[in-house]
Amino acid sequence: MPTDGAPSEAPRRKSVRDAAEFAHARRATTPTTEAEGLYRLLVETVRDYAIFVLDPDGYILSWNAGAERIKGWRADQIIGKHFSAFYREEDIERGKPDWELEVAAEEGRFEDEGWRVRADGSLFWANVIITALRNETGRLVGFAKVTRDLTERRAAQERAIEDARRLAEAEASSRAKSGFLAMMSHELRTPLNAIGGYTELLLLGAADPLTSRQREFLERIRRSQQHLLAIINDLLNFSRIEAGQVSYDLAPVPLREVVTLVTPMIEPQATAKRLSVRCDACEPGVTARADRVKVEQILLNLLSNAIKFTGEGGAISISCAMDGERALLRVSDTGQGIPASDHEAIFEPFVQVGRGLTHVQEGTGLGLAISRDLARAMDGDLTVRSDPGKGATFTLSLPAA
Ligand code: ADP
């Protein structure tokens, strides 16, 4: 199949006659009115559509500005050539260009979307409409071809399909993961609760009186059981939040009420480490729009961390304040602090500063990841400032009510 336009096969020679006929037909439709002149000007100058005319064998007779822009050939380079120049080699081998003309001739019109070739050999995705042109006796005198370049639209559609596929895959895997975690945590919690229950019974002396050594061992069992249960609960919580399975009941929450409720919960641990816990400034008017239970959970986590990472005799302070449209809740401690290089990492799941084989630390490294996820889901944020050695300040910011 010629791509340089030179007619090489017998049927092509016939085109000379048909082209003459076409020229005749065109003369018959030479614009006679101003409207027709404008119409022709439009076709010639429109840039978004390649509009050109073929003779009955597919040789190019006319070429507009859009065709030059979309396909890259100038009129003087392409007129007289065969239109199969726009097709890929494999399409030419399958006889696609001729077949398209046959369909258009038989049915009057042919439409297609597919790859076409530009002058520089690059491909573009085209919408092509071929319309058969017939003279007044009904004889086929040529074809009008209108081509649009839809490469960008196709790429955008493909990107959207790929994004949707990835999202569906991620959602399916996330559902599978949370289903697995939910199942595992249920399976683990049942025997753990049994361990806890029987330990409690033994400690209460429900069986036989205990020696102090037995009591000490049972206390250790109980602490480990509680620790394991907390880890499992954290894991389950985190997987639920990540899977978007947590609902948020947003309402005005006076932050002072949250502080008053949560502080007594950590008093025993604080007292055991001789830490002072005080609430500095917390005006009653500081009210956030948030889910109260989630704010309590975040504050409890921040206070537990402050206790865990502050040495004996240190101080922990809580404060709340308005900052424009935000309500802020702060927890500061005088503990070991966090190096600046870890300020982002500590909010990632399972990250614990200084964790190593020789440094076993309580906790899962999930508390801050959970807290920040919760804060962000309520349109808030959780941030840290710290001078290593001097302590850390965590700030929960939430939209004001
Ligand atoms: P966990 O407390 O279970 O280790 P978190 O996500 O709550 O997990 O905290 C992650 C890490 O951030 C902690 O292991 C610790 O290294 C650091 N961190 C958190 N709070 C403080 C704090 N108040 N002072 C110093 N380091 C802290």
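The values are calculated or read from the model by the stated rules, or taken from the named source; none is laboratory data. This is a predicted model, so every value here is computed, not measured. As a convention, Cβ positions derive from the backbone with ideal geometry for all residues, glycine included, and neighbour counts pool all protein chains shown. Quick note on the areas: whole protein, heavy atoms, side chains included, nothing else; ligands and nucleic acids left out. Shrake-Rupley method; radii C 1.70, N 1.55, O 1.52, S 1.80 Å.
Rounded to the nearest whole Hz, the Karplus-based 3J(HN,Hα) values (6.51 cos²θ - 1.76 cosθ + 1.60, θ = phi - 60°) of the stretch 181-192 follow the sequence 5, 5, 5, 4, 5, 5, 4, 7, 6, 4, x, 5, with x at glycine and proline.
Which order, highest average first, do 210-220, 320-330 follow once you tally other Cβ atoms within 10 Å for each residue and take the mean per peptide?
On the way: 210-220: 11.8, 320-330: 17.3.
Top of the packing list down: 320-330, 210-220.
Taking all protein chains as present, what is the carbon and sulfur share of the accessible area of the chain, in % to the nearest whole number, probe 1.4 Å? That share works out to 54 percent. Across the stretch 102-158, how large is the tail of the calculated P(r) beyond 19 Å, expressed as a percent of all Cα pairs? Of all Cα-Cα distances in the stretch 102-158, 42 percent exceed 19 Å. Per residue, the chain exposes 56 Å² of solvent-accessible protein surface, assessed with a 1.4 angstrom probe and all protein chains in place.
Here the gap between residue 193 and residue 38, fully extended at 0.36 nm per residue and compared with their Cα-Cα distance, gives a gain of 47.1 nm.
Given a Förster distance of 51 angstrom, what is the FRET efficiency for residue 45 paired with residue 180, based on the Cβ-Cβ distance and rounded to 0.05?
Values: r = 63 Å, r/R0 = 1.24.
Between residue 45 and residue 180 the formula returns 0.20.
Modelled label positions at residue 276 and residue 76, each set 7 Å beyond Cα in the direction of Cβ, lie 9.3 nm from each other. Axis of helix 34-45 versus longest Cα principal axis of the chain: the two differ by about 60°, to the nearest ten degrees.
When Rg and Dmax are taken over the Cα atoms of the stretch 29-129, they come to 14.2, 45 Å. Against the chain, whose longest principal axis comes from its Cα atoms, helix 10-28 is set at around 90 degrees.
For residue 87, nonlocal amide neighbours, meaning residues 5 or more places apart or on other chains whose placed amide H falls under 5 Å from its own, are 117. A cut-off under 14 angstrom between Cβ atoms defines the neighbours of residue 127, and their net charge, with Lys, Arg +1 and Asp, Glu -1, is 0.
Helices in the chain, meaning DSSP H runs of at least 4 residues, each add -39500 (n - 2.57). Divided by all residues, the mean residue ellipticity at 222 nm is -16000 deg cm²/dmol. Residue by residue, the stretch 154-166 carries 3J(HN,Hα) couplings of 5, 4, 5, 5, 5, 5, 5, 5, 5, 4, 5, 5, 4 Hz when phi is fed to the Karplus relation 6.51 cos²θ - 1.76 cosθ + 1.60 (θ = phi - 60°); x denotes Gly or Pro. Taking the C-alpha atoms only, the angle from helix 96-107 to the longest principal axis of the chain is near 70 degrees. Remark on residue 150: its backbone amide H falls under 5 Å from those of 125, 126, 127, a criterion applied only to residues 5 or more positions apart or on other chains, H modelled at 1.01 Å from N. Between residue 227 and residue 69, the contour length at 0.36 nm per residue exceeds the Cα-Cα span by 49.9 nm.
Springs between Cα atoms under 10 Å define the GNM used for the chain, and in it the highest mean-square fluctuation of 154, 40, 372 occurs at 40. Computed from backbone phi, the HN-Hα couplings of the stretch 200-207 come to 4, 4, 5, 5, 7, x, 5, 8 Hz, rounded to whole numbers (Karplus: 6.51 cos²θ - 1.76 cosθ + 1.60, θ = phi - 60°; Gly and Pro given as x). With each label modelled as a point 7 angstrom along the Cα→C-beta vector, the residue 247-residue 161 pair spans 3.7 nm.
Of the cross-linked pairs 177/294; 96/145; 273/294; 81/145, which ones have a Cα-Cα span greater than 19 Å in the structure shown? List each step's numbers first, then the result.
Numbers: 177/294 23 Å; 96/145 15 Å; 273/294 27 Å; 81/145 14 Å.
Distance filter (> 19 Å) returns 177/294; 273/294.
Once the Cα-Cα distance is subtracted from the 0.36 nm per residue extended length, the residue 381 to residue 122 segment shows a gain of 88.4 nm. Annotation: amide H of residue 289 within the under-5 Å range of 253, 400, 401, sequence separation 5 or more or interchain, hydrogens built in the peptide plane. Between the stretch 193-253 and the stretch 53-81, the C-alpha centres lie 80 angstrom from each other.
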